[in-house]
């Protein structure tokens, strides 16, 4: 059945609008990529000569190297701790009711609403009182708090979609709770666990505002080093490192989508 | 969700309860203590030149009423509202396309493009906008190159520039929340309206849009809170001309070392965030209710 002309025009306008909005989202990444390959130190469009010198600069810049190294340590610690804390508590939220559950849930999800500068300042004051400023511990604790809501959410959605009858079947065949957990529940949860960990890892590595408050020279992460760079220099070294960030992040997410199905994890798939 | 509680005392019927809750309790406790530390600092006197704090006082909160600070709060709330509404307007078509597109490739493409900035962090995105908006940046170069303008348009260090960058930051999360809501609308409702003779516009306005109400409320409130949390964007794109509460907190904490006043700003900002979100939800209550069957 052919649709009337007005419907087709509407559909075309809708598509054009979506393309325009996608263009708005992509524009900065596109512009930064062009700028990063420009040979000149001042930004200019279109670039006259193509060069890779800003990429060499970015990779060899001392503060960026140190920031990358610190960020990896913090990211690995924070993402695994957040995964364990978040997955365990998501299990509890899904299965049990007890007094204080809602309060606990509200506290752990609060960092989605509480500004990062407030979390950062609070942790900094706490660290100062305990003599822990300038340590990795403080940064890791801060990141665990900030990324936990994302782990909780993705593991919870997976748990919610899990077929409980499989666990019951294992239990009825005599498997003890630990055995059910490790041989049935956890393997079925793998996509949610992996994507929850990945979200935590990316968010921790890229976190900036709270990190600015809780890191010191010794524990500076890459985004903080980049922020300091932008304030002091205007050359495209920043564009080069931004391109690396964008490419790595987009690739990781595309891989996660291909293997884990981000649509399911983010709960944006059409219900049947 | 309303499972009946197992008999209390039957520990074996609730395996892992304590073991799995303990780490969450510790994390929540650290967070709560950090928030209490801010609350405690906010009512302490600042001793200039020292990081120690003095006795109890309400002077920090009184100081916030000075026009200089009061205006920053008003500007911040205005920017947050503007950003939230713009994110909703631009996010909705994208969320709709993400859920309803029939092509798996287009779906994946929209999802990756939308979600990547969400994980990218504020510094990279803010820097990118400086390159786009600067006087020698992309927009001005293109406009000058094509002869549309002769003098560069000032976009950096303006409210317009900051708003554009802020919308870019909040758009992804709004799209994800709207998409989750749209995805849970039963297409049968739309088909029913269509079979009764409603055109696509009418179906959208009277069925799809109201049924996605909970997503609209969640998207608006989250966008508001995230914009309030933004620091690098107003700091670098605003360049001191556009100041938000976050910039004041940082300046007072790390330039003046007045941590009590910075803490008081945080407390006021947090209260303002929660009050604004509550007000938004109250205003939009009919929308939020409609999605629940």
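Readers should treat all values here as calculations from the given coordinates under stated rules, not as data from a laboratory. Keep in mind the model is a prediction, meaning the values are calculated, not measured. Cβ coordinates were reconstructed from backbone atoms using ideal geometry, including for glycine residues, and neighbour counts include every protein chain displayed.
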Inset, instruction - Calculate the length of the line joining the C-alpha centroid of region A:221-272 to that of region A:132-156, in whole Å. - result: 19 Å
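Hey, can you rank A:116-126, A:102-112, A:197-207 by average C-beta count inside 10 Å, highest first? Working shown, then result.
Values: A:116-126: 26.5, A:102-112: 16.6, A:197-207: 24.4.
Top to bottom by mean Cβ count within 10 Å: A:116-126, A:197-207, A:102-112.
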Legend entry - GNM top mover of A:144, A:243, A:50 - chain A, alpha-carbon springs below 10 Å: A:50
Inset, instruction - Take chain B, connect every pair of alpha-carbon atoms lying under 10 Å apart with a spring to form a Gaussian network, then pick out the residue of B:26, B:74, B:164 with the largest mean-square fluctuation. - result: B:26
Legend entry - Tensor-based shape of chain B (alpha-carbon gyration tensor, a/c under 1.5 rounded, otherwise prolate or oblate): oblate
Inset, instruction - Quick one: give the max-minus-min coordinate of the C-alpha atoms of region A:143-198 along each principal axis, largest first, in Å. - result: 41, 19, 14
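For region B:61-174, what class follows from the C-alpha gyration tensor (a ≥ b ≥ c being the square roots of its eigenvalues): rounded when a/c is under 1.5, otherwise prolate if a/b is larger than b/c, else oblate?
Taking the square roots of the gyration eigenvalues as a ≥ b ≥ c, region B:61-174 is oblate.
With an 8 Å cut-off on Cα pairs and a minimum separation of 6 or more residues, tell me the relative contact order of chain A in percent. Please list the in-between numbers first.
Working: 297 pairs, mean separation 83.0, N = 272.
RCO, chain A: 31 percent.
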Inset, instruction - Provide Rg over Rh for region A:91-169; use the alpha carbon set for both Rg and the Kirkwood Rh (inverse mean inverse pair distance). - result: 1.12
Inset, instruction - Please work out the Cα center distance from region A:74-91 to region B:8-71, rounded to the nearest Å. - result: 22 Å
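For chain A, what is the calculated [θ] at 222 nm in deg cm²/dmol (nearest 500), taking -39500 (n - 2.57) for each run of four or more DSSP H residues and dividing by its residue count?
Working: 13 runs with 201 residues, N = 272.
Rounded to the nearest 500, the figure is -24500 deg cm²/dmol.
Could you work out the helix-only [θ] at 222 nm for chain B, with each DSSP H run of four or more residues adding -39,500 (n - 2.57) and the total divided by the number of residues, to the nearest 500 deg cm²/dmol?
-22000 deg cm²/dmol, from helical runs alone.
Using only atoms on other chains, find how many Cβ atoms lie within 10 Å of each Cβ of peptide A:48-56 and report the average. The partial results should precede the final answer.
Working: counts 0, 0, 0, 0, 0, 0, 0, 0, 0.
Counting Cβ atoms of other protein chains within 10 Å of each residue's Cβ and averaging gives 0.
Counting only C-alpha contacts under 8 Å and six or more residues apart, can you give the relative contact order of region B:1-140 as a whole percent?
7 percent
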Inset, instruction - Calculate the mean, over all residues of peptide B:178-191, of how many other protein chain Cβ atoms lie within 10 angstrom of the residue's Cβ. - result: 3
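Averaged over peptide A:17-24, how many Cβ atoms belonging to another chain are found within 10 Å of each residue's Cβ?
Working: counts 6, 8, 1, 2, 12, 7, 1, 6.
Shielding by partners across A:17-24 averages 5.
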Legend entry - Spatial extent of the protein assembly as shown: Rg and Dmax, with the Cα atoms as the point set, Å: 24.6, 80
Legend entry - Sorted by Cβ neighbour density within 10 Å, fewest at the top, the residues B:228, B:109: B:109, B:228
Inset, instruction - Compute the whole-percent fraction of alpha carbon pairs in chain A spaced more than 25 Å apart. - result: 60 percent
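Counting only C-alpha contacts under 8 Å and six or more residues apart, can you give the relative contact order of region B:67-290 as a whole percent? Intermediate values should be presented prior to the final figure.
Working: 268 pairs, mean separation 63.0, N = 224.
Reported relative contact order: 28 percent.
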Legend entry - Listed residues B:268, B:218, B:32, most fluctuating in chain B (Gaussian network, C-alpha, under 10 Å): B:32
Inset, instruction - For region B:193-243 and region B:104-124, write down the distance between their C-alpha centroids in whole Å. - result: 17 Å
